[in-house]
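Remarks on the structure that follows.
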Amino acid sequence: MFQWKQIFLIMEVHVRIIASQPFIIVSRSIDWNQQKYIEKELYLHLFEDHILSPTEKFLIDEVWDMSYRSSNCEIGFLYLHTNRGCLTFQVKSEPSQFINLYKDLKK
């Protein structure tokens, strides 16, 4: 039996993705007294009417703004300012194209 989330994701495939932005999640594990950092790459997808993350969907009207802040290390921060709060995504590449395409949709 399908779960609703799986059906929802299958339906999303039929809509055209305008842009995708990779981001990372870093988790830490300890194995045999050794600390390991595990980096997982995921994607934000921009559609005509919404932005989809692996865990949430935001309608374009729910997203107020998007901003980016670089840091001294190789990771920058993409901020999604929404009516549900500000979400932070760690990115390795500058998301200027993703942000500009989003702003074009908001016009």
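The values are calculated or read from the model by the stated rules, or taken from the named source; none is laboratory data. Everything numeric in this text was worked out from a predicted model, so none of it was measured. Glycine gets a Cβ as well: all are built from the backbone with ideal geometry, and neighbour counts include every protein chain shown.
The condition (being surrounded by 17 or more Cβ atoms within 10 Å (Cβ to Cβ), assigned to a strand (DSSP E or B), aromatic (Phe, Trp, Tyr) and at pLDDT 95 or above) is satisfied by just one residue among PHE89, PHE77, PHE98: PHE89.
For region 52-74, what are the residues that are outside any helix (DSSP H, G or I), under 17 Å from ILE17 (Cβ atoms) and not charged (D, E, K, R)? Passing the criteria: LEU52, SER53, PRO54, PHE58, LEU59, VAL63, MET66. Residue check: ARG28 meets all listed conditions (1) outside any strand (DSSP E or B); (2) of a type outside the set (A, V, I, L, M); (3) modelled with pLDDT under 95 but one, namely (1). Against the test of being touching a His at 6+ places or on another chain (Cβ under 8 Å) and β-branched (Val, Ile, Thr), the options ILE99, ILE51 yield a single qualifying residue, ILE51. If the condition is being free of Cβ contacts under 8 Å to residues at least 60 places away in the same chain, within 19 Å of ILE18 (Cα to Cα) and under 12 Å from the mean Cα position of the chain (by Cα), then region 80-107 contributes LEU80, ILE99.
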